[in-house]
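Here's a structure for you.
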Amino acid sequence: MTAQVIDGKAFSARVRAEVATHVARLKEEHGITPGLAVVLVGEDPASQVYVRSKGKQTVEAGMNSYEHKRDAAISHDELLALVEELNTDPAVHGILVQLPLPDHIDADLVINAINPDKDVDGFHVSNVGLLGTGQKSMVPCTPLGCLMMLRDHHGSLSGLEAVVVGRSNIVGKPMAQLLLGDSCTVTVAHSRTRDIEAVVRRADIVVAAVGRPEMVTGAWIKPGATVIDVGINRVPAPEKGTNDDGSVKTRLVGDCHYDSCAAVAGAITPVPGGVGPMTIACLLANTLTACCRANGLEAPEGLTA
Ligand code: GUN
């Protein structure tokens, strides 16, 4: 069997277009423009790339983008004061504090200072609790993107056996809650799981989010299963030669070994071009959702969990 490729790039473009349509209608019918504030502390190159991309796509969707860049030496109090300012700014419907934060900052403290209704990352303890108890919440973007792709591919997920590999707060745990919410039988596997291959081989749905390049191989996959690969790992690719500075070229790989998994799976997300583009699309969807709720309007169906 050769797996059907789930095209996250095309899917995310559809989600972004749908968000843009709703944003245009909000403006026309209610005179409201959703606003997303992104806080970037320090000079982490990967974070700078993400934040630039978020800002660009926010504007493309017709929303207002506010970027707040701060020096890595910012104090706790200064950062908390900025969050408080954004909490009370009526033009800001979504707040995202880019992670990682510098070591001297307590990230949990900062995230839990965000107004939960504006927490478009879904990381605030209130949102974690609401999701865990099946109540309306803001849902973390990457798992929400995975859920959208799974619902699109399968229709109903009810009764399916799902194994989430990885137990992070950002992906693994909320992913498990979302799958449970859609009536899957859910197992969370991790580095201490015994005979992890046998556990994963039970799954109709595998979501890999461990950050270990190509860890899940085709031998772990039940024939016909759906494989959602959240990993984005940069690895040396000597076969591509060297850069001008003599360093070895690199390539991106997922947490799944693509070729061997694709040979067994029924469907699979590629890396790049799978889950990655869905994350920002879902951030835009969450900002729209937060804006609608802040104004007493129903959030558009299909863009939330
Ligand atoms: N850094 C890497 N991924 C994320 C994310 O989804 N949200 C935030 N705030 N920071 C990140």
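For the range 234-261, give me each residue that is without any contact (Cβ under 8 Å) to a residue 24 or more places away in the chain and among the polar types (S, T, N, Q).
T242, N243, S247, T250
Any idea how many residues of the range 236-256 are of a type in the set (S, T, Y) and under 19 Å from P272 (Cβ atoms)?
Residues in the range 236-256 being of a type in the set (S, T, Y) and under 19 Å from P272 (Cβ atoms): 1 in total.
So the check is Cβ under 8 Å with 6+ separation or different chains; which pairs have a first residue in the range 263-281 that's at negative phi and a second one that's of a type in the set (K, R) and within 16 Å of the ligand (Cβ to nearest atom)?
Short answer, once both residue conditions are applied: I280/K54.
Can you tell me which residue within the range 97-122, out of those that are away from the ligand (no atom under 14 Å from the Cβ) and part of a loop (DSSP other than H, G, I, E, B), is surrounded by the most Cβ atoms within 10 Å (Cβ to Cβ)?
That would be N115.
Right, another one. Can L150 be described as free of Cβ contacts under 8 Å to residues at least 60 places away in the same chain, among the hydrophobic types (A, V, I, L, M, F, W, C) and either part of a helix (DSSP H, G or I) or closer than 19 Å to V275 by Cα (or both)?
no
If you don't mind, there's one more thing I want to ask. Among the residues of the range 290-302, is there at least one that is touching a Gly at 6+ places or on another chain (Cβ under 8 Å) and buried (at least 18 other Cβ atoms within 10 Å of the Cβ)?
Within the range 290-302 (the criterion being touching a Gly at 6+ places or on another chain (Cβ under 8 Å) and buried (at least 18 other Cβ atoms within 10 Å of the Cβ)), the answer is yes, since at least one residue qualifies.
From the list G145, G129, G134, G159, pick out the single residue that is within 21 Å of C184 (Cα to Cα), away from the ligand (no atom under 15 Å from the Cβ) and in a helix (DSSP H, G or I).
On inspection, the qualifying residue turns out to be G129.
Filter the range 11-64 down to residues that are exposed (fewer than 14 other Cβ atoms within 10 Å of the Cβ) and among the hydrophobic types (A, V, I, L, M, F, W, C) and give me whichever is farthest from N295 (Cα to Cα).
Of everything passing the filter in the range 11-64, A46 is farthest from N295 (Cα to Cα).
Can you name every residue in the range 78-101 that is of a type in the set (A, V, I, L, M) and either over 15 Å from N295 (Cα atoms) or at pLDDT below 95 (or both)?
L79, L80, A81, L82, V83, L86, I95, L96, V97, L99, L101
Residues in the range 71-87: is at least one within 16 Å of the ligand (Cβ to nearest atom), within 18 Å of N127 (Cβ to Cβ) and touching a strand residue (DSSP E or B) at 6+ places or on another chain (Cβ under 6 Å)?
Yes, some residue in the range 71-87 is within 16 Å of the ligand (Cβ to nearest atom), within 18 Å of N127 (Cβ to Cβ) and touching a strand residue (DSSP E or B) at 6+ places or on another chain (Cβ under 6 Å).
From the set of residues in the range 269-305 that are of a type in the set (G, A, S) and within 27 Å of V253 (Cα to Cα), which is nearest to the ligand (Cβ to nearest atom)?
G276
A further question on this structure: Among the residues of the range 211-242, count how many are among the acidic types (D, E) and under 22 Å from R201 (Cα atoms).
2
The values are calculated or read from the model by the stated rules, or taken from the named source; none is laboratory data. Not measured: the values here are computed from a predicted model. All Cβ positions, glycine included, derive from the backbone under ideal geometry; neighbour counts span all protein chains shown.
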